[in-house]
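The structure under discussion appears below in the form of structure tokens.
Since every read-out is calculated from the coordinates, none of them should be taken as a lab result. What you see is a predicted model; the values in this text were computed from it and never measured. Ideal geometry is used to build each Cβ from the backbone, glycine not excepted, and the neighbour counts take in all protein chains shown.
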Amino acid sequence: MSLSEKYKDDIVDILSRYPVKRSALIPLLYLAQRDRGYVTEEAMIEIAGLLGLTPPQVYETVTFYTMFNLKPVGKFHIQVCKSLMCALVGSDTVIDWIKAKLGIGPGETTPDGLFTLSLVECLASCGTGPMMQINEDYYEQLTEEKLDRILADLTSTGSSQLKSGPFMWPEPLKT
Amino acid sequence: MPQHELILLKNMMQPGYGGSLAEYERTGGYHALRATLGKIPPADVTAAVRKSGLRGRGGAGFPTGVKWGFLPKDYQGPRYLCCNADESEPGTFKDRQLMERDPHQILEGIVLACYAIGAESAYIYIRGELVLAAKILERAIGEARAAGYIGKNILGTGVNVDVWVHRGAGAYICGEETALLESLEGKRGLPRVKPPFPATHGLYGKPTVVNNVETLANLPHILNRGAEWFASIGSPPKSTGTRVFCVSGHVKRPGNYEVPMGVTVRELIYEHAGGMRSDKPIKAFIPGGASAPFLTPAHLDVKLDFESVAAAGSMLGSGGVTVMEEGTSMVWAALRLMEFFYHESCGKCSPCREGSSWLVQIMRRIVAKRGRMEDLETLSDLCKNIAGRTVCAFGDAEVAPIQGTLKYWRDEYVALIREAEAANLIMPEPAGVKP
């Protein structure tokens with residue numbers, strides 16, 4: 001099914017937000033990625049049609065932004081921050097743990113299609129590093145024990161209670 | 001520990017505060033909006049913000065009221081406000097907390113700014129990774145719209161302001177205001193050549209103001225308590241108000257601390273952030289995010305305000321303070337940041353695109369103990385030929401880590417290269433290529 005059949009109301013809502021259609025490009029690419037886990041060529045061609053753009057105009061934009069996957073990724077996309085602030089508090093060790101536990105390197109996916117590992121730059125969580133993002137959720141102040149639980153939770157139930165809620169650090173002191 | 005009055009973090013520091021509309025209203029929220037819209041002329045709002053001395057909290061520190069004043073007075077047609085929530089500067093994590101814990105404080109600021117500049121549409125450009133913050137903002141916008149604080153004819157005053165959340169998709173450069181506008185228009189986020197400035201030719205070529213999250217969050221407080229009150233906080237006359245400093249690295253209690261501008265680095269690190277995490281002393285710190293050159297323990301008594309940090313040879317930037325303990329390799333630290341800038345260079349200007357790649361290669365070589373002494377000259381030379389030679393400030397930012405560390409820790413570079421020389425591990429010169 002095409003995006004416009006499947007997400008008719010979403011697309012109308014997105015287009016209504018902007019006086020110029022092309023502004024809807026990134027939101028529509030997110031829609032396509034939510035649908036299939038990555039942005040397919042058919043989706044890019046369809047979005048180009050919806051916005052009155054040429055397919056190359058869509059392609060030149062999608063390739064600029066690192067959050068769009070142009071090929072399938074695992075069910076859980078692990079993105080570990082490797083920037084200096086996290087590296088100072090041990091992100092390289094976290095990366096080694098994940099490599100050893102899952103048997104994959106950066107850019108690789110486990111054979112069961114569950115986990116893909118990526119190394120990324122700063123995710124605005126420097127006071128609570130080392131940290132990683134898995135799909136839409138942040139996991140912060142990682143330890144090996146915490147990492148084990150997160151991976152086990154995701155494998156068994158598809159979600160983990162250890163994800164971050166609304167961010168505040170340090171937390172207010174209890175009186 | 002010295003106690004300072006909290007302004008921006010006050011609500012969220014109350015145990016149990018959840019940031020809903022009802023909770024925000026109970027703390028006096030939207031009072032400034034009620035007292036301002038339709039009651040104080042927009043020009044007077046701008047004048048008050050100018051008088052308060054409020055400067056942009058995103059990094060550049062441009063006076064907010066002056067920025068608003070650049071919009072053409074007689075222009076008929078749409079104007080836009082963009083809230084810059086693309087918090088991506090390594091070391092910075094304050095806007096995330098402001099958005100996720102007290103979203104209405106920002107929305108009230110956005111409506112006040114729109115009223116002052118005559119904009120009826122505002123877009124919150126939020127970095128794509130902050131999915132939770134985007135959801136919280138969407139929910140808050142829904143609440144504010146239902147209560148009549150956002151939308152058509154706000155509280156019967158005839159003022160219209162609509163607000164939308166627009167997610168970016170993982171590009172540091174989109175925090176640069178003209179790249180943000182390009183991205184919001186659905187294009188690659190390449191910074192524009194200025195002039196013309198966004199004030200006259202911004203989003204869709206229309207007059208536009210781009211303000212940071214923390215900047216906008218200050219507005220309700222300035223209008224509630226007066227420009228004089230705000231101007232008396234911090235280091236007047238040039239650095240007024242508080243800053244939410246983000247402390248990271250080798251300290252006991254990393255995190256966000258709101259203090260008046262002008263407190264010393266020493267107070268921030270040793271009083272608020274609890275000092276160093278182990279018995280190792282401090283070796284270096286970055287005062288304002290990855291784009292700010294490194295400073296040394298000799299600078300611990302520098303005041304954290306725009307002028308003092310600039311006089312010390314660095315910049316206050318985004319307020320991200322990263323602390324490094326004795327034993328941290330400064331060449332490695334500079335390489336880590338250089339890898340960030342190499343990854344994030346948008347590719348528009350040759351000095352930055354090619355230069356960042358070249359810098360990273362040399363830095364990797366030195367850290368891997370394969371460097372040669374001429375590399376130091378090449379590094380300095382490259383830095384000089386990137387800074388100031390690009391369309392946006394990214395070029396100046398990307399050379400900061402190397403220039404800063406070369407200035408204070410050149411001996412560490414030399415030691416690594418000497419090791420390479422001693423072990424005869426120097427990379428051979430490529431045949432027929434002159435550096």
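Which shape class applies to the range B:115-203: rounded if a/c is under 1.5, otherwise prolate when a/b exceeds b/c and oblate if not, where a ≥ b ≥ c are the square roots of the Cα gyration tensor eigenvalues? It comes out oblate by the Cα gyration axes. For the range B:107-117, 3J(HN,Hα) computed residue by residue from phi via the Karplus equation (6.51, -1.76, 1.60; θ = phi - 60°) reads 4, 4, x, 5, 5, 4, 5, 4, 4, 5, 9 Hz, glycine and proline entered as x.
The amide H of B:Asn212, built 1.01 Å from its N in the peptide plane, has B:Arg57, B:Gly58, B:Asn84 as neighbours under 5 Å, considering only residues 5 or more places off or on other chains.
Taking GluC sites (Glu not before Pro) across the range A:75-164, the ones in a DSSP loop with at most 15 further Cβ atoms lying within 10 angstrom of their Cβ are A:Glu108, A:Glu136.
Rounded to the nearest 500, what is chain A's calculated 222 nm mean residue ellipticity when only DSSP H runs of at least 4 contribute -39500 (n - 2.57) each, over all residues? List each step's numbers first, then the result.
Details: 8 runs with 74 residues, N = 175.
When only DSSP H runs of four or more count, the value is -12000 deg cm²/dmol.
Rounded to a whole number, what is D in µm²/s for chain A from Stokes-Einstein with the Kirkwood radius over alpha-carbon pairs (25 °C, 0.890 mPa s)? Rounded to a whole number, D works out at 136 µm²/s. For a straight C-alpha distance cut-off of 22 angstrom, the lysines reachable from B:Lys73 (same-chain residues fewer than eight places away being disregarded) are B:Lys39, B:Lys51, B:Lys194, B:Lys206. Taking other C-beta atoms within 10 Å as the exposure proxy, A:Asp9, B:Asp74, B:Asp95 rank B:Asp74, A:Asp9, B:Asp95 from fewest upward.
Annotation for the range B:1-74: GluC sites (Glu not before Pro) lying in DSSP loop with at most 13 further Cβ atoms inside 10 Å of their Cβ are B:Glu5. Evaluating 6.51 cos²θ - 1.76 cosθ + 1.60 at θ = phi - 60° for every residue in the range A:53-62, the Karplus couplings come out as 10, 8, x, x, 5, 5, 5, 5, 6, 4 Hz, glycine and proline recorded as x.
Per residue of B:81-93, count partner chain C-beta atoms within 10 Å of its C-beta, then hand back the mean as an integer. Write out the running numbers ahead of the final one.
Working: counts 0, 0, 0, 0, 0, 1, 3, 4, 3, 10, 7, 5, 11.
For peptide B:81-93, the averaged partner shielding equals 3.
Just checking the listed ones, B:Met315, B:Met363, B:Met12: in the Gaussian network model of chain B with Cα springs under 10 Å, the one fluctuating most is B:Met12.
Take the Cβ atoms of A:Asp112 and A:Lys21, set R0 to 45 Å, and the FRET efficiency comes out at 0.65.
Per the helix-only calculation at 222 nm, which mean residue ellipticity applies to chain B, given -39500 (n - 2.57) for every DSSP H run of n ≥ 4 and division by its residues, nearest 500 deg cm²/dmol?
The per-residue figure over chain B is -12000 deg cm²/dmol.
Rounded to the nearest 10 degrees, the inclination of helix B:350-367 to the longest alpha-carbon principal axis of chain B is 50 degrees. As a proxy for reagent exposure, ranking B:Phe197, A:Phe68, B:Phe230 by other Cβ atoms within 10 Å from fewest up yields B:Phe197, A:Phe68, B:Phe230. Sequentially through the range B:328-336, phi angles give Karplus couplings (6.51, -1.76, 1.60; θ = phi - 60°) of 6, 6, 6, 5, 4, 4, 5, 4, 4 Hz, Gly and Pro residues having no value and appearing as x. The residues neighbouring B:Pro41, those whose beta-carbon lies less than 15 Å from its own, together hold a net charge of +3 under the Lys/Arg +1, Asp/Glu -1 convention. Here the label points at B:Phe197 and B:Ser278, each 7 Å from Cα along the C-beta direction, are separated by 4.8 nm in the simple model.
Annotation for the range B:36-70: trypsin sites (Lys or Arg not before Pro) lying in DSSP loop with at most 11 further Cβ atoms inside 10 Å of their Cβ are B:Lys39. Annotation for the range B:15-36 versus the range B:96-169: alpha-carbon center distance of 14 Å. Listed by Cβ neighbour count within 10 Å, with the fewest neighbours leading, B:Val209, A:Val12 appear as A:Val12, B:Val209. Computed over the alpha-carbon pairs of the protein assembly as shown, the distance histogram in 20 Å steps reads 19, 55, 24, 1 percent, short to long.
Could you list the square roots of 5 times each eigenvalue of the Cα gyration tensor of the range B:21-232, that is, the equivalent ellipsoid semi-axes, sorted largest first and rounded to whole Å? Intermediate values should be presented prior to the final figure.
On the way: eigenvalues 110, 82, 57 Å².
With the √(5λ) rule applied to the range B:21-232, the semi-axes are 23, 20, 17 Å.
Pairs of Lys residues in chain A that lie 8 or more places apart, or on two chains, and have C-alpha atoms under 16 angstrom apart add up to 5.
Apply the a/c threshold of 1.5 to the C-alpha gyration tensor of chain B and tell me whether it is rounded, prolate or oblate. Because a/c hits 1.5 or more and a/b exceeds b/c, chain B counts as prolate.
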